[in-house]
Amino acid sequence: MFVRDCMTANPITITKDTPIFQALEIINKHKIRHLPVVQDGKLIGIVTERGLLRISPSPASTLSVYELNYILAKLTVAEAMVKNPITTTPDTPIEEAALVMREHKIGCLPVLEKGQLVGIITQTDMVEALVRLFNLRKAGSRLVIEATDRIGVLAEITSFFREKGISIRSLATLEREPGVYHLTLRLNIPDARDLARELESMGYKIISVS
């Protein structure tokens, strides 16, 4: 799966001269949290709802309504945006984009192709990618098997299910400790308990079945 499979294409954008109050109105209207900032068709920054609220006058301010409106009208996105944000491309593997977001502690990545903004991918999009990768919207069973890191172990396990005529809808690996992995499989059958017992008789440790 790649960024292009999960991103929001042609996102709503604003300019650095957009008033803060207008940017917040756009965010509230469209129920989004990030807005790319463009100038002459090029990405120059990004603003977040949190960043906009941080520089907005507090509702508890002693300023009059007139004074508050005057300040809000003067404040622009340029004062709240993150300049030259980290970006990604449509052909970046989704897991690499997720790693960048995690390591830099950011909530989104603008997506550029040939220097042009073509999309944005957010934490919400990453969760949706996880749902799709695990095929969670289809009914079935879930089996977690512990296996050691040795050549042929995946072939052995997948062959077991092939011989049973069972489809593996998704498979993920997690290294629990050096050389020991938990394999999480989602299967196209409602109950995998009999299969779990058979795998145990073959020497595999079953962590969970549901």
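A few notes on this one:
- Within segment 133-174, restricting attention to residues that are over 24 Å from the mean Cα position of the chain (by Cα) and of a type in the set (Ser, Thr, Tyr), the residue that is nearest to Val3 (Cα to Cα) is Ser167.
- Qualifying positions in segment 27-43 - out of contact with any Pro (no Cβ under 9 Å at 6 or more places or on another chain) and either of a type outside the set (A, V, I, L, M, F, W, C) or surrounded by fewer than 17 Cβ atoms within 10 Å (Cβ to Cβ) (or both): Asn28, Lys29, His30, Lys31, Arg33, Gln39, Asp40, Gly41, Lys42
- Enumerated helices (runs of 4 or more DSSP H) restricted to segment 113-210, each holding at least 1 residues that are in contact with a helix residue (DSSP H, G or I) (Cβ under 6 Å, 6 or more places away or on another chain): 123-133
- The residues of segment 165-205 that are touching an Asp or Glu at 6+ places or on another chain (Cβ under 9 Å) and under 22 Å from Lys138 (Cβ atoms), listed by number, are His182, Leu183.
- Any hit, segment 89-106, residues being buried (at least 16 other Cβ atoms within 10 Å of the Cβ), in contact (Cβ under 8 Å) with a residue 12 or more places away in the chain, closer than 27 Å to Val3 by Cβ and touching a Lys or Arg at 6+ places or on another chain (Cβ under 7 Å): yes
- With respect to the stated conditions, Asp149 is touching a residue at least 12 places away in the same chain (Cβ under 8 Å) and exposed (fewer than 12 other Cβ atoms within 10 Å of the Cβ).
Each reported figure results from applying straightforward, stated rules to the coordinates on display, with no laboratory input. Here the structure is a predicted model, which is why all the values come from computation and not from measurement. In this analysis, Cβ positions are derived from the backbone assuming ideal geometry, glycine residues included, and neighbour counts consider all displayed protein chains.
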